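Remarks on the structure that follows.
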Ligand code: IPE
Ligand code: IPE
Ligand code: MG
């Protein structure tokens, strides 16, 4: 039981004011492990359990899109053993979650430089995405080898190539054109961005898409993050006034 029951109850939420898209920077696995004199990989293992909890909570709450920052373009620079362990964990997650994703009608999607992932991980990713492709209750987007800047470069290149071949004029390029050429094409922008472990930075996540996201940073380390705190953040989100640059009526 929670010490504050209102925080643990998803029925306290106003279904009309739920975020359509929640994006999370899942940070703090290493610090969680260090505090317990464990190795960083054990922190990532524990972090994978939080992923399961938060996916379930989103599904139960009725959130349509959840994007999880699982591996950044910069994370390739971590020690080889850690990168390899993260890839093993990712593959295991994809295999083990298949049945739950199917039961809950959750579609899996991936954003990022998927081509850089090890072949066996890529194959499993495609299998799970294919299997869940028709699910319509919720979409789980995993950001894998994802970087906002590299996504923007890729978008500019594609549009430049179209322009060079006469497919589009410079003056025809709009915000909509840009959005359509990002990995997140067709996905509504995040309404809510959560970062665990207290760091006040974006770390190259969804740079274009978070233009008007409401930001919540919690000091809780990702492995310690859970259903109740997530629901509390949703409640706090519902109390925020989103103005989008306008003035209140
Ligand atoms: C987040 O936890 C997981 C990934 C970035 C893959 P960290 O591994 O960054 O944990 P800290 O920041 O070192 O505590
Ligand atoms: C951001 O966390 C990336 C992911 C959560 C996958 P990092 O731990 O890599 O970010 P920095 O190094 O603190 O900016
Ligand atoms: Mg970190």
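FYI, it's all coordinate maths here, none of it is from the lab. This one's a predicted model, so the numbers in the text were calculated from it and none came from an experiment. Counting neighbours? That spans all protein chains shown, and the Cβs are built from the backbone with ideal geometry, glycine included.
Here are some notes:
- Subset of region 203-237 (residues that are buried (at least 16 other Cβ atoms within 10 Å of the Cβ) and at positive phi): 204, 206
- Qualifying residues in region 186-202 (those that are more than 13 Å from the chain's Cα centre (by Cα) and within 15 Å of ligand 2 (Cβ to nearest atom)) - the one surrounded by the most Cβ atoms within 10 Å (Cβ to Cβ): 197
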